[in-house]
Amino acid sequence: MVAMDGPSGTGKTTVARKLAERLSAGYLDTGSMYRVVTLAVLRAGIDPADAAAVAALARGVTVEVGTGPDRPGAALDGADVSAAIRGDDVNHAVSPVSAVPEVRELLVAQQRRIIDQVLAEVGGIVVEGRDIGTVVAPDAPLKIFLTASAEVRAARRGAQDSTAGRTAAPEDVRAAVDRRDRLDSSRAVSPLRAAEDAVRVDTSELKIDQVLVALCELASQRGMLSGCVQPVGSEARP
Ligand code: DC
């Protein structure tokens, strides 16, 4: 199992999915689970800052996420919400919702069940989030903590937004990224931080394929699965 933590805009999702593909492993995006609960909160008209109401709602909803790295997908009470959980409203409300201890307790328990199931069925899994190496799976044999400069992270988020058809001034994107990372890093329960034994990889100056080469090396040093299979036509081919 590979635990991959770090703030937004570090390339975490792209890297985690591609690494899972190369390792023929499953993939779990834990952030999407917090996003599904946040969407349920917003749809119910609950104030994301009302921790008691958020906790009560979280106990009554069904969160499902796919574990295939090609098209993971997410569902709320059986309905596909893969696109809706990427909206600006969810981006804005997800930090307070994910800071509610009961929400974390419920989702961490579900994440551990999913990890056990995928490990039993597929043999490996790459799990991305903020607290995977510290809380969800502290025994993971490989822990990665991705970082990147604030400028690079804001630029990547801006590029993602424009692909999704949203346009915002660069300074607004930077402010939103800074705000969410500040909230995620300063919350009382399971704040974003690197595990002591995590390998830190700064992706500011690296292309995705270069990050993958470094991670594949680390994975094979730990004897993980069959090692990394290079896809045909990859720039990273040695
Ligand atoms: O990775 P992401 O941007 O989709 O995550 C959305 C939010 O969920 C993020 O602001 C912090 C929270 N999160 C968390 O608290 N713990 C995790 N393991 C994953 C995400």
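Tabulated results
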{"item": "ALA16 vs. criteria crowded, with 22+ Cβ neighbours inside 10 Å, within 11 Å of the ligand (Cβ to nearest atom) and farther than 18 Å from VAL94 by Cα", "result": "yes"}
{"item": "Of residues in segment 71-91 being in a helix (DSSP H, G or I) and more than 11 Å from the ligand (Cβ to nearest atom), the one surrounded by the most Cβ atoms within 10 Å (Cβ to Cβ)", "result": "ALA84"}
{"item": "Given (1) in contact (Cβ under 8 Å) with a residue 40 or more places away in the chain; (2) under 29 Å from ALA176 (Cβ atoms); (3) in contact with a Leu (Cβ under 7 Å, 6 or more places away or on another chain), number of the condition VAL94 does not satisfy", "result": "(3)"}
{"item": "When residues of segment 55-91 are limited to those that are of a type in the set (Lys, Arg) and at pLDDT below 95, the one farthest from the chain's Cα centre (by Cα)", "result": "ARG71"}
{"item": "One residue from SER234, SER190, SER226, SER204 being at pLDDT 90 or above and either assigned to a loop (DSSP other than H, G, I, E, B) or surrounded by 13 or more Cβ atoms within 10 Å (Cβ to Cβ) (or both)", "result": "SER204"}
{"item": "Residues that are in a helix (DSSP H, G or I) and among the acidic types (Asp, Glu), drawn from segment 16-41", "result": "GLU21"}
{"item": "Scope segment 144-175; condition crowded, with 19+ Cβ neighbours inside 10 Å, among the aliphatic types (A, V, I, L, M) and either in a helix (DSSP H, G or I) or more than 15 Å from the ligand (Cβ to nearest atom) (or both); matching residues", "result": "ALA154, VAL173"}
{"item": "From GLY45, GLY31, GLY26, GLY11, residue being under 23 Å from ALA195 (Cβ atoms) and away from the ligand (no atom under 15 Å from the Cβ)", "result": "GLY26"}
{"item": "Selected residue (only one of ALA164, ALA176, ALA195 is touching a strand residue (DSSP E or B) at 6+ places or on another chain (Cβ under 8 Å) and among the aliphatic types (A, V, I, L, M))", "result": "ALA195"}
{"item": "Pick from segment 121-136, criterion farther than 15 Å from GLY6 by Cα and surrounded by 14 or more Cβ atoms within 10 Å (Cβ to Cβ), ranking: nearest to the ligand (Cβ to nearest atom)", "result": "ILE125"}
{"item": "From VAL94, VAL108, VAL118, residue being within 18 Å of the chain's Cα centre (by Cα), away from the ligand (no atom under 13 Å from the Cβ), assigned to a helix (DSSP H, G or I) and not charged (D, E, K, R)", "result": "VAL118"}
{"item": "Residue within segment 57-66 that is polar (S, T, N, Q) and under 18 Å from ARG113 (Cβ atoms) present", "result": "yes"}
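The values are calculated or read from the model by the stated rules, or taken from the named source; none is laboratory data. For clarity, every value in this text was computed on a predicted model and none was experimentally measured. Backbone-built Cβ (ideal geometry, glycine too); neighbour counts: all protein chains shown.
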